[in-house]
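Before any comments, here is the structure.
The values are calculated or read from the model by the stated rules, or taken from the named source; none is laboratory data. Given the structure is predicted, the values throughout are model-derived calculations rather than measurements. Positions of Cβ are backbone-derived with ideal geometry, glycine not excepted, and every protein chain shown enters the neighbour counts. Just the protein is used for accessible areas: all its heavy atoms, side chains included, with ligands, DNA and RNA removed. Shrake-Rupley method; radii C 1.70, N 1.55, O 1.52, S 1.80 Å.
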Amino acid sequence: MAARRQQRLVSLVLCLLSTRQYITAERIRDTVEGYEVSSDSTNPDEAFKRSFERDKAELRELGIPLETGRNSVFDTEDGYRIARQDFELPPIEFTADEAAAVGLAGRLWQTASLATEARTALIKLRAAGIEIEEPPGADALPPLPGSEPALPDLMTAVSERRVVQFGYRKQSAPAPEKRTVEPWGVLSWRGRWYLVGHDRGRGDVRSFRLDRLVGEVRTLAAAAETSRPEDLDMLELVRGAHYQPDQLARVRVAPGRGGQLRRQARQVHSTPDGDELSLDYRDLERLAGLVAGVGADAVALDPPELVAAVVRLLEGAAGGSPARDRRPAPAGDLASSGGRR
């Protein structure tokens, strides 16, 4: 029944938009589909009147400018119409900077849950004659990933100033900790997403990497009690909290494999067991992900923290089963694995 009423409301709006004349209720009853009254109704005129009055009230609640009037002094009853100039949105105009921002926002959501909506919005804007241009040098920009599951909920919580609660796994902690946060903003830095806000448990501002959130993000009924300080630079906060000086790692890869690792290596040394790469890194987990992504064709050699991180990733990919030892292996082990797993 609800779907039928919605269809009737849409038909009513289209009918009232299609003419400049006022249309009487009786003509609307004959024209708009959905006002038919069942044959067993004892008073069909009264049933139509009740339905039409409800529909008029709902259109006005929705902000649709429903006008009442008469076409001439000879008309004996009021009619209805919707003035197109009052109903339609004004033309959308963007400055060059605004158009570039919209284009960049479309790139942001290319892998997120809102990807379809973002593409639809861009198509509509372009169909209306709005030129949505990528910012200068957009091809050189890194992709903006939006696939973190918690991202939409956290952005909503920031907008509505709602308190959130989640499990958070620090790099050095053996188990996740429960955090209760008043969110101030979400931003991307170096290909990762971060939440910035007031940590109620610590009583201070904190930043959290979204890929370290464990489980679902709960939105609590309580409203936030703090606001983001006007002088707070969230990007500088994230940079400072997650800054690490360059460190050196050693990884052995099979010949012809690990292209991304090879491109980042500052030195490549060929050995009978494979090519040993020396790499500068700041983000241990990112490097571990690159090594684990090559499978059996890459072996982390040093430092021990990198070896342990690769083992954790491989165990997780295997569904929690023990991963194969990732310590240095002889060349025969690489060859016997067939180069892949």
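Here are a few things to note about the model shown:
- Across the range 157-167, not a single residue is classified as assigned to a strand (DSSP E or B), surrounded by 14 or more Cβ atoms within 10 Å (Cβ to Cβ), modelled with pLDDT under 90 and at negative phi.
- From the list 205, 214, the lone residue that is modelled with pLDDT of 90 or more and surrounded by 14 or more Cβ atoms within 10 Å (Cβ to Cβ) is 205.
- Odd one out for residue 94 among (1) surrounded by 11 or more Cβ atoms within 10 Å (Cβ to Cβ); (2) of a type in the set (A, V, I, L, M, F, W, C); (3) part of a loop (DSSP other than H, G, I, E, B); (4) free of Cβ contacts under 8 Å to residues at least 12 places away in the same chain: (4)
- Selection of the range 250-287 for residues being under 18 Å from residue 311 (Cβ atoms) and among the basic types (Lys, Arg) yields 250, 252, 286.
- Restricting the range 235-263 to residues that are of a type outside the set (A, V, I, L, M, F, W, C), open to solvent by less than 70 Å² (accessible area, probe 1.4 Å) and assigned to a helix (DSSP H, G or I), the residue that is modelled with the lowest pLDDT: 242
- Pair list, Cβ under 6 Å, 6 or more apart: the range 186-212 residue assigned to a strand (DSSP E or B), other residue open to solvent by 50 Å² or more (accessible area, probe 1.4 Å) and among the small types (Gly, Ala, Ser): 207/241
- Note on the range 275-315: among residues that are part of a loop (DSSP other than H, G, I, E, B) and over 18 Å from residue 192 (Cβ atoms), the one that is modelled with the lowest pLDDT is 294.
- Filtered residues of the range 49-83 (kept if of a type in the set (D, E, K, R) and within 19 Å of residue 32 (Cα to Cα)): 49, 50, 53, 54, 55, 56, 58, 60, 67, 77, 78, 81
- All of (1) under 23 Å from residue 83 (Cβ atoms); (2) among the basic types (Lys, Arg); (3) open to solvent by 90 Å² or more (accessible area, probe 1.4 Å) hold for residue 29 with one exception: (3).
- Selection status of residue 334, at pLDDT below 90, open to solvent by 40 Å² or more (accessible area, probe 1.4 Å), outside any strand (DSSP E or B) and of a type in the set (A, V, I, L, M, F, W, C): no
- Residue in the range 207-215 that is closer than 30 Å to residue 300 by Cβ and of a type in the set (Val, Ile, Thr) present: yes
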